[in-house]
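As structure tokens, the structure follows; a few thoughts come after it.
The values are calculated or read from the model by the stated rules, or taken from the named source; none is laboratory data. Values in this document were obtained by computation on a predicted structure and should not be read as measured data. For neighbour counting, all protein chains shown are included, and Cβ atoms are generated from backbone atoms with ideal geometry for every residue, glycine included.
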């Protein structure tokens, strides 16, 4: 069973507790295991599957169901990425939350793997896109039938209010990169005629909504991330994982280490960094341009991104 709940855009950041009760607050959504795994196991993986996940550099391929059209969404990760983390850090039936759900890839992976999931976004178009993807045919007749995946039009700042304490097993997202995408695209990572493609000189920001973290400075973005995730921390199970996909950016010939801002924000919010994984994107990047040659060395940000894995540490 799939479901999409919508809250009027002019209410999304103003709902008080009584109003939210109209939408079933906290949400009535499953979060218990549907498998027979031992209690001490953190997932349903076999030993063979586990050892492959231990590599610190991961590579993914897009499939037909992935959103590659930047007119629909400017920045998506592949279904294979969210599926891998969901299978690594949850059991069938447990609850996954994406505070910045965007195109809904996390929800699609949850549907494929029979996990419950909730995603939040302040953009009505993205919520509708999520709903459309969730209505696609399931991979098999039985996958997802005993769980539900819900897309909610609301601000990530309000996400904590939808859950009981220790209800969430995994938080997984790719957040806005502060205001660093809020500029005309120059396509400097492309060569020749490829540079002036359909994206050239377009602003590929998620929205211009004042509540969108993508309109904030890096410093304000970091502070908001800390606040959002500190409120989500008690909703996450002890030793539950929180994974954030992020890339660094170049701005006026300076590297903006967004991944470091994220690590600092999460640690201040009470999480502990467990693993740093590199998403090797070279297999999906073509015709790379030459940055800085021959006098200014710049690593090609389009060729890799960070997958930062935190958890809620056990009480001492």
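Summary table
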item	result
All positions within segment 231-253 that are in contact with a strand residue (DSSP E or B) (Cβ under 9 Å, 6 or more places away or on another chain) and either in a loop (DSSP other than H, G, I, E, B) or farther than 15 Å from residue 270 by Cβ (or both)	243, 245, 246, 247, 248, 249, 250
Qualifying positions in segment 233-245 - within 24 Å of residue 77 (Cα to Cα) and crowded, with 22+ Cβ neighbours inside 10 Å	236, 240, 241, 242, 243, 244
Given (1) modelled with pLDDT under 95; (2) closer than 30 Å to residue 164 by Cα, number of the condition residue 241 does not satisfy	(1)
Filter result (surrounded by 12 or more Cβ atoms within 10 Å (Cβ to Cβ) and free of Cβ contacts under 8 Å to residues at least 40 places away in the same chain) within segment 300-316	303
Some residue of segment 203-216 being at pLDDT below 80, loosely packed, with under 15 Cβ neighbours inside 10 Å and not in a loop (DSSP other than H, G, I, E, B)	yes
Meets criteria (under 17 Å from residue 307 (Cβ atoms), surrounded by 23 or more Cβ atoms within 10 Å (Cβ to Cβ) and in contact with a helix residue (DSSP H, G or I) (Cβ under 9 Å, 6 or more places away or on another chain)) for residue 106	yes
Single match in 260, 228 (criterion: more than 22 Å from residue 96 (Cβ to Cβ), modelled with pLDDT of 95 or more and in a helix (DSSP H, G or I))	260
Checklist (1) surrounded by fewer than 17 Cβ atoms within 10 Å (Cβ to Cβ); (2) within 18 Å of the chain's Cα centre (by Cα); (3) at pLDDT below 95 applied to residue 221, failing item	(1)
Number of the exception - residue 85 against (1) more than 21 Å from residue 308 (Cα to Cα); (2) touching a strand residue (DSSP E or B) at 6+ places or on another chain (Cβ under 8 Å); (3) outside any loop (DSSP other than H, G, I, E, B)	(1)
Single condition residue 170 does not satisfy, out of (1) closer than 22 Å to residue 25 by Cβ; (2) under 14 Å from the mean Cα position of the chain (by Cα); (3) modelled with pLDDT under 95	(3)
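Residues checked against (1) under 18 Å from residue 281 (Cα atoms); (2) at pLDDT below 75:
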position: 14; (1), (2): no, yes
position: 24; (1), (2): no, yes
position: 28; (1), (2): no, no
position: 32; (1), (2): no, no
position: 38; (1), (2): no, no
position: 44; (1), (2): no, no
position: 59; (1), (2): yes, no
position: 70; (1), (2): yes, yes
